[in-house]
Amino acid sequence: MKEVKAGLTLKTAREKKGYTQGEAAKLIGISSDTLSNYERGKSYPDVPVLRRIEEVYGIPYERLIFLPMDYDKTVNII
């Protein structure tokens, strides 16, 4: 059986690596404003950027969770 690991939000993944938004954005090759928008669910990275995020954070994109800003208002958590 394949083990399913819990997903990480993009912000949590960055923080686990010890990067500030600015540091991570520079390593990924995007602006810190763009990374902020990704982390807040205002916009989403395209595939080439996802691949760089995978490399920088060391986790597969399947484990990343991109939540909309109003997630807590649209989903009931049990």
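The values are calculated or read from the model by the stated rules, or taken from the named source; none is laboratory data. The model shown is predicted, which means the values in this text are computed figures rather than measured ones. Because the Cβ atoms are built from the backbone with ideal geometry, glycine has one as well, and the counts that use them run over all protein chains shown. Ligands, DNA and RNA are excluded from the accessible area calculation, which covers all protein heavy atoms including side chains. Shrake-Rupley method; radii C 1.70, N 1.55, O 1.52, S 1.80 Å.
Restricting attention to the range 24-58, report how many residues are under 10 Å from the mean Cα position of the chain (by Cα) and aliphatic (A, V, I, L, M).
Count: 3.
Quick check, is Lys16 modelled with pLDDT of 90 or more, open to solvent by 40 Å² or more (accessible area, probe 1.4 Å) and in contact with a strand residue (DSSP E or B) (Cβ under 8 Å, 6 or more places away or on another chain)?
It is true that Lys16 is modelled with pLDDT of 90 or more, open to solvent by 40 Å² or more (accessible area, probe 1.4 Å) and in contact with a strand residue (DSSP E or B) (Cβ under 8 Å, 6 or more places away or on another chain).
How do the helices (runs of 4 or more DSSP H) wholly within the range 23-78 filter down when requiring 3 or more residues that are at pLDDT 95 or above: which remain? Write out each step before concluding.
Values: elements: 32-39, 47-57, 71-74.
Output list reads 32-39, 47-57.
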